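J.: I have a structure I would like to understand better, so I am pasting it below and will then ask my questions one at a time.
The values are calculated or read from the model by the stated rules, or taken from the named source; none is laboratory data. Predicted model, so just to flag it, every value in this text is computed and none were measured. Don't worry about glycine lacking a Cβ; one is built from the backbone with ideal geometry, like all the others, and counts go over all protein chains shown. For the accessible areas, the whole protein counts, side chains as well, though only heavy atoms, and no ligand, DNA or RNA atoms are used. Shrake-Rupley method; radii C 1.70, N 1.55, O 1.52, S 1.80 Å.
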Amino acid sequence: MKKVLSIIGYSLLGLLIFITIWLCVDKFIVKSKVPSFMGVSALRVETGSMTGTIDEGDVIIITKTNDYKIGDIVTYIQEGDKLPTTHRIVLYEGDNGYITKGDFNNTTDFDVVYQNEIVGEYLFKIPKLGYVLEWFTTTEGIIYTV
């Protein structure tokens, strides 16, 4: 039993190292806007524009597809933006363009989002995991200072 658990542990560690290397290559060499592993990305939600569906501090999992329709939640990066936005498609604008809106926002977004700007479609969320990850990546989270 100890040998089986050891093999499983080393296999998981190897997989984790492989995924980390893959994501580093995708980000720093390929220069992807949003690094992904086999088309799947994880992102931490920074704002409350989708509150009720996706909350600030959640981690969302997205995947790249080419079939977007009204009602889909998509993550996109428009020209000039540094960070991605995740909003729901509310209208089709033609020429592969979409009008989006945050579920918690009162109005639609100003700019048309084109299909080539969409980096993925929302699959699911892991509630509040973003807060835990942020805590682990800050000095204050690891070492309590007074």
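J.: Would you mind counting up the charge near ASN96? Only other residues with Cβ under 13 Å from its Cβ, with Lys and Arg at +1 and Asp and Glu at -1. Write down the numbers at each step before the final one.
T.: Values: positive: LYS69; negative: ASP67, GLU93, ASP95, GLU117.
Residues close to ASN96 contribute a combined charge of -3.
J.: Suppose R0 equals 25 Å. What FRET efficiency, 1/(1 + (r/R0)^6) with r the Cβ-Cβ distance, do THR53 and TYR92 give to the nearest 0.05? Please report the intermediate quantities before stating the final value.
T.: Numbers: r = 20 Å, r/R0 = 0.81.
In this case the efficiency is close to 0.75.
J.: Let me know the number of lysine pairs in the chain closer than 15 Å at the Cα, not counting same-chain pairs under 8 apart. Please list the in-between numbers first.
T.: Values: LYS27/LYS82; LYS31/LYS82; LYS33/LYS64; LYS33/LYS82; LYS69/LYS101.
The number of close lysine pairs in the chain is 5.
J.: Across 5 Å bins from the origin, how do the percents of Cα pairs in region 27-106 run, short distances first?
T.: It works out to 3, 13, 23, 26, 21, 10, 3, 0, in whole percents.
J.: Just the C-alpha atoms of the chain: what Rg/Rh do they give, with Rh taken as the Kirkwood radius?
T.: Working: Rg = 18.2 Å, Rh = 17.2 Å.
Using Cα coordinates only, the ratio equals 1.06.
J.: Tell me, what is the per residue accessible area of the chain in Å², probe radius 1.4 Å? It would help to have the intermediate numbers written out before the result.
T.: Numbers: 10050 Å² over 146 residues.
Per residue, the chain has an accessible area of 69 Å².
J.: Would you calculate a helix-derived [θ] at 222 nm for the chain, using -39,500 (n - 2.57) for each DSSP H run of n ≥ 4 and dividing by the full residue count, to the nearest 500?
T.: My calculation for the chain gives -7500 deg cm²/dmol from helical runs alone.
J.: Using a 1.4 Å probe on the protein heavy atoms only, what accessible surface does THR75 show? Give it in Å² to the nearest 10.
T.: 0
J.: Relative contact order for the chain using alpha-carbon pairs under 8 Å, separation at least 6, rounded to a whole percent?
T.: Values: 229 pairs, mean separation 31.3, N = 146.
Once normalised by length, the contact order is 21 percent.
J.: Pop a pseudo-label 7 angstrom from the Cα along the beta-carbon direction at both SER6 and ILE29 and give the gap in nm to one decimal.
T.: In this crude label model, SER6 to ILE29 measures out at 3.3 nm.
J.: Tell me the trypsin sites (Lys or Arg not before Pro) within region 39-141 that lie in a loop according to DSSP and have at most 15 other beta-carbon atoms within 10 Å.
T.: On the way: sites: ARG44, LYS64, LYS69, LYS82, ARG88, LYS101, LYS125, LYS128; in loops: LYS64, LYS69, LYS82, LYS128.
Filter output for region 39-141: LYS64, LYS69, LYS82, LYS128.
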